[in-house]
Amino acid sequence: MTDPLNFRNEYGKSKIDESALPENPMEFFERWLQDAFDADLPEPSAVTLATSNVKGRVSSRIILLKSYEAKGFQFYTNYKSQKGKDLNENPYAAMSFFWPELERQILIEGKVKKMSKKDSELYHSARPRSNQLGAWASEQSKAIKDRYTLEARYEVVSSAYLKHEAIPKPPHWGGYVLIPDSIEFWQGRENRLHDRIEYFLSEEDSWQTRRLNP
């Protein structure tokens, strides 16, 4: 068995040029996300979402970022899932993108708000029919007896909507947007002296930047 204590990877593929930083971090984010897509990575929009409940207990999972714009980063889920329950108790979260092939990370923190019913319905209507049915069939994060029970429930839902051209959005399912107050860009560098550039909101609600120690 490989001993992780002695496992090492050296970094040095790129660097962050502070003289060329855009004023808005969303522009920088877009560049790096496009680089991840251009590199033909298997899941370039995969991101770790960390939430915590009112007691401070943290949970995390990999989700797929579905959209991003000036106001923030959008994702969709079952409101009754673990993350949905956490966000109901504590509306703050963190996202972590990691692209090892590019030796890059992006770390995002901020407040999370539910998206409007209209926006959630719009996205739901654009999903594959099988995914729409799955949102009805799965009681996400709840214990279930076995795989057969889940598949049987899916078949029941599928039969119920067999003659329906459009499948409505479940009331317990929809979108969230993480509105960032800090975004850190991490680029692996030689000798573990990594580039870490953080954008943060000032008291005047404008984006500022600072370099962090690796």
Original post:
Being farther than 21 Å from Ser182 by Cα, among the hydroxyl-bearing types (Ser, Thr, Tyr) and touching a Pro at 6+ places or on another chain (Cβ under 9 Å), is that true of even one residue in the stretch 68-87?
Top reply: yes
**OP:** Check the stretch 70-82 and report whether any residue there is touching a residue at least 12 places away in the same chain (Cβ under 8 Å), at negative phi, surrounded by fewer than 12 Cβ atoms within 10 Å (Cβ to Cβ) and touching a Leu at 6+ places or on another chain (Cβ under 9 Å).
**Re:** no
Subject >> All positions within the stretch 191-214 that are surrounded by fewer than 10 Cβ atoms within 10 Å (Cβ to Cβ) and in contact with a strand residue (DSSP E or B) (Cβ under 6 Å, 6 or more places away or on another chain) >> reply: Ser202
Original post:
From the set of residues in the stretch 51-68 that are within 17 Å of Gly174 (Cβ to Cβ) and in a strand (DSSP E or B), which is farthest from the chain's Cα centre (by Cα)?
Top reply: Thr51
Subject >> Which numbered condition Glu103 fails, given (1) acidic (Asp, Glu); (2) free of Cβ contacts under 8 Å to residues at least 40 places away in the same chain; (3) buried (at least 17 other Cβ atoms within 10 Å of the Cβ) >> reply: (2)
**OP:** Please determine, by comparing only the residues of the stretch 2-25 that are in contact (Cβ under 8 Å) with a residue 60 or more places away in the chain and part of a helix (DSSP H, G or I), which one is surrounded by the most Cβ atoms within 10 Å (Cβ to Cβ).
**Re:** Pro25
Subject >> Candidate set: the stretch 157-190, residues that are of a type in the set (Val, Ile, Thr) and either over 23 Å from Gly84 (Cβ atoms) or under 19 Å from the mean Cα position of the chain (by Cα) (or both); chosen: the one surrounded by the most Cβ atoms within 10 Å (Cβ to Cβ) >> reply: Ile183
Subject >> Complete set of residues in the stretch 107-151 that are within 24 Å of Leu178 (Cβ to Cβ) and of a type in the set (Phe, Trp, Tyr) >> reply: Tyr123
Original post:
Just one of the numbered conditions (1) over 15 Å from Ala94 (Cα atoms); (2) in contact (Cβ under 8 Å) with a residue 40 or more places away in the chain is not true of Ala50; which one?
Top reply: (1)
**OP:** Scan the stretch 155-214 for residues that are part of a strand (DSSP E or B) and free of Cβ contacts under 8 Å to residues at least 24 places away in the same chain and jot them down.
**Re:** Arg196, Glu198, Phe200, Leu201, Gln208, Arg210
Original post:
So is Ala126 within 26 Å of Ala166 (Cβ to Cβ), out of contact with any Ser or Thr (no Cβ under 6 Å at 6 or more places or on another chain) and surrounded by fewer than 17 Cβ atoms within 10 Å (Cβ to Cβ) or not?
Top reply: yes
**OP:** Give the stretch 58-69 a look and list any residue that's touching a residue at least 24 places away in the same chain (Cβ under 8 Å), surrounded by fewer than 17 Cβ atoms within 10 Å (Cβ to Cβ) and not polar (S, T, N, Q), or say none.
**Re:** Lys66, Glu69
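Every read-out reported here was derived from the displayed coordinates using simple, explicitly stated rules and does not represent laboratory data. Treat the numbers as computed from the prediction; the structure is a model and nothing was measured. Here Cβ is always computed from backbone atoms with ideal geometry, including for glycine, and neighbour counts include all displayed protein chains.
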